[in-house]
1. Right, VAL115: more than 20 Å from TYR49 (Cβ to Cβ) and of a type in the set (A, V, I, L, M) or not?
2. Which residue out of ALA90, ALA95 is at pLDDT 95 or above, out of contact with any strand residue (DSSP E or B) (no Cβ under 7 Å at 6 or more places or on another chain), over 24 Å from ALA51 (Cβ atoms) and surrounded by 12 or more Cβ atoms within 10 Å (Cβ to Cβ)?
3. Return only the number of the condition from (1) under 20 Å from TYR49 (Cα atoms); (2) modelled with pLDDT of 95 or more that SER104 does not satisfy.
4. Within the stretch 18-43, restricting attention to residues that are of a type in the set (S, T, N, Q), outside any helix (DSSP H, G or I) and exposed (fewer than 13 other Cβ atoms within 10 Å of the Cβ), which residue is modelled with the lowest pLDDT?
Amino acid sequence: MYIFELTPELTPDNRLDAMKGFPTQKENKYPPVVFEYNEDQFLDIAKTYIASTYTQHYVGNRDASQVKPIQVIDLLVSTGHAESFFLANAIKYLARYGKKDGKSKKDLLKTIHYVCLLLNLNHKEDHTNEKGL
């Protein structure tokens, strides 16, 4: 096990470029770790939850002319509103944990999902700035 490793299925667009800046097996300077608090298992659960959301998102109508339906997240990114939306939703789900539906694991998973979206957006911005685009 490694401290942090992105798997290819988490970076569908450009897997190699998306992994730059994150430790990989070859780059990891830390010895193998036994996760004392089950972080590896919780990240696996979060990954499964996030994968399940891809069939639930609100998307535009798909017809024969569309290659891929438009997701609201793509619209937010294209209009420059994504960062504040992701941050606000992460805060919302974390703040309501324990208040609505008890200590809902789903609220925590939604928080993790929005934090992942923030990480992805930040990574794309950093990568764009590095290339001078």
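1. On the way: more than 20 Å from TYR49 (Cβ to Cβ): no; of a type in the set (A, V, I, L, M): yes.
No, not satisfied.
2. Details: ALA90 fails: over 24 Å from ALA51 (Cβ atoms).
Answer to the selection: ALA95.
3. Every listed condition holds for SER104 apart from (2).
4. Selected residue: GLN25.
Each row is one residue, and each column tells you yes or no for (1) at pLDDT 80 or above; (2) assigned to a loop (DSSP other than H, G, I, E, B); (3) under 19 Å from ASN122 (Cα atoms).
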{"position": "ILE45", "(1), (2), (3)": "yes, no, no"}
{"position": "THR55", "(1), (2), (3)": "no, yes, no"}
{"position": "ASN61", "(1), (2), (3)": "no, yes, no"}
{"position": "GLN66", "(1), (2), (3)": "no, yes, no"}
{"position": "VAL77", "(1), (2), (3)": "yes, no, yes"}
{"position": "PHE86", "(1), (2), (3)": "yes, no, yes"}
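The values are calculated or read from the model by the stated rules, or taken from the named source; none is laboratory data. Owing to the predicted nature of the structure, the values given are computational and were not obtained by experimental measurement. Positions of Cβ are backbone-derived with ideal geometry, glycine not excepted, and every protein chain shown enters the neighbour counts.
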